[in-house]
Amino acid sequence: MFPNVTGFLNKGHKIRGTVVLMRKNVLDFNTIVSIGGGNIHGAIDSGIGILGSTLDGLTAFLGRSVSLQLISATEPDANGKGKVGKDTFLEGIIASLPTLGAGESAFNIHFEWDDELGIPGAFYIKNYMQVEFFLKSLTLEDVPNHGTIRFVCNSWVYNSKLYKSPRIFFANKSYLPNQTPSPLVKYREEELQILRGDGTGERKLHERIYDYDVYNDLGNPDHGEHLARPILGGSSTHPYPRRGRTGRYPTRKDPNSEKPATEIYVPRDENFGHLKSSDFLAYGIKSVSQCVIPAFESAFDLNFTPNEFDSFQDVRDLFEGGIKLPLDVISTISPLPVIKEIFRTDGEQVLKFVPPHVIRVSKSAWMTDEEFAREMLAGVNPCMIRGLQEFPPKSNLDPSDYGDHTSKISADVLNLDGCTIDEALASGRLFILDYHDTFIPFLRRINETSAKAYATRTILFLKENGTLKPVAIELSLPHPDGDKSGFVSKVILPADEGVESTIWLLAKAYVVVNDSCYHQLMSHWLNTHAVIEPFVIATNRQLSVVHPINKLLAPHYRDTMNINALARDSLINADGIIEKSFLPSKYAVEMSSAVYKYWVFTDQALPNDLIKRNMAVKDSSSPYGLRLLIEDYPYAVDGLEIWTAIKTWVQDYVSLYYATDNDIKNDLELQNWWKEVVEKGHGDLKDKPWWPKLQTFDELVEVCTIIIWTASALHAAVNFGQYPYGGLILNRPTLSRRLLPEEGSAEYDEMVKSPQKAYLRAITPKFQTLIDLSVIEILSRHASDEVYLGQRENPHWTSDTKALQAFQKFGNKLAEIEDKLSKKNNDPSLYHRTGPVQLPYTLLHPSSEGGLTFRGIPNSISI
């Protein structure tokens, strides 16, 4: 609260201010990527010309173009709202300011202010120009009896006629609702109401309205039945988290589905408008979808490039010799800005990808059983392996629908280094990577397409030296007599010579195809991107920007709605990138809905996840109260360090604002926020008993820690290793096209005579490989201006000194952890940390530079 300062201010005092903003001065990538073929050069030239003719120079901000009015936090008017000062205009350009970032401009402003107006706590701003600008901040200097007051804005401001009331911004102080200075209470409530909107109409691009909708925009039934997709969310059949509402018109053939749009609405401040290089990468995905894929398709349609790899060297040539493409294809894609980052050309017809980390030391180590197992602990999808507690493994599929799906692997075929099955189970040395139940319900439909796949179970054994080895793979298919008859399967055992070694290598490939699909759709998209979006929406609708929990969580939401909208447009949409290049094809996102039925918010806490997967047990004598059943489990070891640091930071911060549990219960904004997350954002699961009630300090800390962990460290763990591991399609194929050949068939003879060719004919072909690599290299990159865990974009994000001190403590702890993890990677006894491919596990090292680094934890899901 502001102290009683009436009478201390000099009447007629002028308060000096500095306004920092950014002009809309970057060509919209949407313009580029929506123009195909050889018109790219012309689009860029004409776009720059338009840019120069339409955007006002800095001097246009002067005169009577932009006005501000200070609002008192201490002196109310007759209606109880803080008094509003006079309209004041920007005065002069500040030529140089040490704190200015790239593209930022600063302006002087002087406000008339006297003792009847008290202490300013907010301001109105009006833009009278036709072009919007991005307002970064306002800083007031020498406010009598108060000193400096800072307003951190980070918002687009459009022409004032587009708003029903002037845009308002608040000082960087934090208040619980019942502690808000009374002159600011109504302003606080009104701003939240604006952000909620009224739930009607089509959203306009300039708006900042946050609302919910189901995923009814993935299909395009008007363009053919083959492009129709089920609506996800709003039903028990296809439950799903909610997305941001756009209010677009329905399709003609399905009134419940929305028409696709050339530009999908997200609240304006969720789309930084290409001022950030993270947008540069995100829109690269759109350019791949709209320009690169059609260009590649034309090359294959002309038979210029064979669609098959004939040897493993052919695959490696993508990074070594390059792939030859027609000149018009190269000329079409090479001008795209992001494409210059992911491809290398010789200036003529050869296109090369960056060598993925997994083959930078050894070309063949990916083929080993040791590396196959290690990547379940330190690869791009390290959160699926489970401790096996019964044998044979059982299924959770309803036997009345699917029959008996108990595994047909027998104990006597397993090489357990002399242990019996009971001894291995009792000592916690058996593990499983199990995709059987996920794929079986969809597999009959998938295998009716050009894809041919299995549902897989992989049994693994922990050796005496602490490393993991695979001992059996079960490849299952739906029973030919119907679902209720159960399943048929083959059990494949490790082999290192003859045709059996090729069969074993193929079996591992079928496992990885399952894993790649699950990773992309569930571990990556569903469990980070999709589940976080409802929290973004609810936070903006229910928690004021001056609420301390908003200030805690907001950095972890940056760009998420924007990248999710782009994903719906180009990645997970009907006939989009995922459907083109991953196994389930048109059933891809529908499969993620089936998995969401079993999503549990509290299990997203890393300790709970490890316990649920039988990878750890509670042990008060172990670090963090958990004993890992595989001590050398890089994702878990590093993750527990990061999880604990986040939780400690959240505890330190939350304790500054909530002294008792009653403070939490009585915080109406907080309670409304949580109610809306549960009942609307994740409404299909609202009746689940596991939702926290948010009545206690511990519950609030756990909820906020899970949100931050999911948006930062979990996403980093499953995202930034995609190209380092998956850039070699041999190591992480995304689809399978053949089942195991039967002895006596032509395919079997081919497997005997040419094992590499047989392997390549079974996995992702060349065209889909080019799509996959183009996309995952973008997804695996960091923006040059990324803001990482333990950092804030603006050091003045709060005026609370104790909060800033706690945050500095958090940053220092993360630096300590990074140093500790680096030392672990140099310990030769921790074999899983580098493995046969000699790739140290660094995905959970907090810091990074820009680019393809295989490390770094950004604050938010921005790519």
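How many of the residues in the stretch 627-684 are of a type in the set (Val, Ile, Thr) and assigned to a loop (DSSP other than H, G, I, E, B)? I'd like the intermediate steps shown before the answer.
So the first thing to find is which residues in the stretch 627-684 are of a type in the set (Val, Ile, Thr), and the list is 630, 637, 642, 644, 646, 648, 650, 654, 660, 664, 677-678.
Next cut, assigned to a loop (DSSP other than H, G, I, E, B) only: 630, 660.
Adding up the residues that qualify gives 2.
Enumerate the helices (runs of 4 or more DSSP H) found wholly within the stretch 734-834, keeping only those where 1 or more residues are open to solvent by 20 Å² or more (accessible area, probe 1.4 Å) and within 30 Å of ASN465 (Cα to Cα).
801-824
Kindly indicate whether any position in the stretch 724-734 is more than 30 Å from LEU670 (Cβ to Cβ) and either modelled with pLDDT under 95 or polar (S, T, N, Q) (or both).
The answer is yes; a qualifying residue exists.
May I ask you to list the residues in the stretch 478-507 that are hydrophobic (A, V, I, L, M, F, W, C) and either surrounded by 15 or more Cβ atoms within 10 Å (Cβ to Cβ) or over 16 Å from ALA453 (Cβ atoms) (or both)?
Listed by number, the residues that qualify are PHE487, VAL491, ILE492, LEU493, ALA495, VAL499, ILE503, TRP504, LEU505, LEU506, ALA507.
What is the residue count in the stretch 623-644 for residues that are free of Cβ contacts under 8 Å to residues at least 40 places away in the same chain and open to solvent by 20 Å² or more (accessible area, probe 1.4 Å)?
Qualifying residue count, the stretch 623-644: 6.
Give ASN145, ASN127, ASN154 a once-over and let me know the one that is polar (S, T, N, Q), crowded, with 21+ Cβ neighbours inside 10 Å and touching a residue at least 60 places away in the same chain (Cβ under 8 Å).
ASN127
Do you know which residues across the stretch 209-232 are under 20 Å from MET561 (Cα atoms) and touching an Asp or Glu at 6+ places or on another chain (Cβ under 6 Å)?
Within the stretch 209-232, ASN216, ASP217 meet the criteria.
Show me the helices (runs of 4 or more DSSP H) entirely contained within the stretch 531-585 in which 3 or more residues are touching a Pro at 6+ places or on another chain (Cβ under 9 Å) and within 27 Å of THR602 (Cα to Cα).
So the answer is 531-542.
Suppose we filter ALA411, ALA472, ALA426 for residues that are open to solvent by less than 10 Å² (accessible area, probe 1.4 Å) and of a type in the set (A, V, I, L, M, F, W, C); which single one remains?
On inspection, the qualifying residue turns out to be ALA472.
Suppose we keep only residues that are open to solvent by 40 Å² or more (accessible area, probe 1.4 Å), assigned to a loop (DSSP other than H, G, I, E, B) and without any contact (Cβ under 8 Å) to a residue 60 or more places away in the chain within the stretch 203-240. Which one would you say is farthest from LYS580 (Cα to Cα)?
This residue is THR237.
Given the criterion farther than 23 Å from LYS824 by Cα, touching a Ser or Thr at 6+ places or on another chain (Cβ under 9 Å), open to solvent by 20 Å² or more (accessible area, probe 1.4 Å) and not hydroxyl-bearing (Ser, Thr, Tyr), identify the matching residue among LYS665, LYS647. So that I can check it myself, show each step before the final result.
Working: LYS647 fails: farther than 23 Å from LYS824 by Cα.
Sole residue among the options that is farther than 23 Å from LYS824 by Cα, touching a Ser or Thr at 6+ places or on another chain (Cβ under 9 Å), open to solvent by 20 Å² or more (accessible area, probe 1.4 Å) and not hydroxyl-bearing (Ser, Thr, Tyr): LYS665.
Per-residue answers, yes or no, for (1) within 30 Å of ILE572 (Cα to Cα); (2) polar (S, T, N, Q); (3) modelled with pLDDT of 95 or more:
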position: GLU590; (1), (2), (3): yes, no, yes
position: VAL595; (1), (2), (3): yes, no, yes
position: TRP599; (1), (2), (3): yes, no, yes
position: THR602; (1), (2), (3): yes, yes, yes
position: PRO607; (1), (2), (3): no, no, yes
position: LEU610; (1), (2), (3): yes, no, yes
position: MET615; (1), (2), (3): no, no, yes
position: PRO623; (1), (2), (3): no, no, no
position: GLU631; (1), (2), (3): no, no, yes
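Answer yes or no: is there a residue in the stretch 164-172 that is surrounded by fewer than 19 Cβ atoms within 10 Å (Cβ to Cβ), among the charged types (D, E, K, R) and at pLDDT 95 or above.
Taking every residue of the stretch 164-172 in turn, none turns out to be surrounded by fewer than 19 Cβ atoms within 10 Å (Cβ to Cβ), among the charged types (D, E, K, R) and at pLDDT 95 or above.
Let me spell it out: the conditions are (1) surrounded by fewer than 20 Cβ atoms within 10 Å (Cβ to Cβ); (2) more than 30 Å from GLY428 (Cα to Cα); (3) of a type in the set (Val, Ile, Thr), and VAL617 meets all of them except one. Which number is the exception?
For VAL617, the failing item is (2).
Hey, can you tell me all the residues within the stretch 530-554 that are in contact (Cβ under 8 Å) with a residue 24 or more places away in the chain, under 25 Å from ALA717 (Cα atoms) and open to solvent by 10 Å² or more (accessible area, probe 1.4 Å)?
LYS551 - this is the single residue of the stretch 530-554 that is in contact (Cβ under 8 Å) with a residue 24 or more places away in the chain, under 25 Å from ALA717 (Cα atoms) and open to solvent by 10 Å² or more (accessible area, probe 1.4 Å).
Only one residue in ILE385, ILE359 is open to solvent by less than 30 Å² (accessible area, probe 1.4 Å) and either modelled with pLDDT under 95 or under 30 Å from SER593 (Cβ atoms) (or both). Which one?
Selected residue: ILE385, the only one of ILE385, ILE359 that is open to solvent by less than 30 Å² (accessible area, probe 1.4 Å) and either modelled with pLDDT under 95 or under 30 Å from SER593 (Cβ atoms) (or both).
Tell me, which residue of the stretch 241-268 that is of a type in the set (Asp, Glu) and surrounded by fewer than 19 Cβ atoms within 10 Å (Cβ to Cβ) is farthest from MET561 (Cα to Cα)?
So the residue we want is ASP254.
Sort through TYR510, TYR518 and tell me the only one that's outside any strand (DSSP E or B), touching a residue at least 40 places away in the same chain (Cβ under 8 Å) and open to solvent by less than 10 Å² (accessible area, probe 1.4 Å).
Within the list TYR510, TYR518, the selection yields TYR510.
Of the conditions (1) over 30 Å from LYS665 (Cβ atoms); (2) in a helix (DSSP H, G or I); (3) touching a helix residue (DSSP H, G or I) at 6+ places or on another chain (Cβ under 8 Å), LEU195 satisfies every one except a single condition; which number is it?
(1)
Can you tell me which of LYS469, LYS490, LYS484 is touching a residue at least 40 places away in the same chain (Cβ under 8 Å), of a type in the set (Lys, Arg) and closer than 26 Å to VAL589 by Cα?
Details: LYS469 fails: closer than 26 Å to VAL589 by Cα; LYS490 fails: closer than 26 Å to VAL589 by Cα.
Every option except LYS484 fails the conditions.
The values are calculated or read from the model by the stated rules, or taken from the named source; none is laboratory data. Just so it is clear, the model here is predicted, and its values are computed rather than measured. Note that each Cβ is placed from the backbone with ideal geometry, even for glycine, and that neighbours are counted across all protein chains shown. We work out accessible area using only protein heavy atoms, side chains counted, and drop any ligands, DNA or RNA first. Shrake-Rupley method; radii C 1.70, N 1.55, O 1.52, S 1.80 Å.
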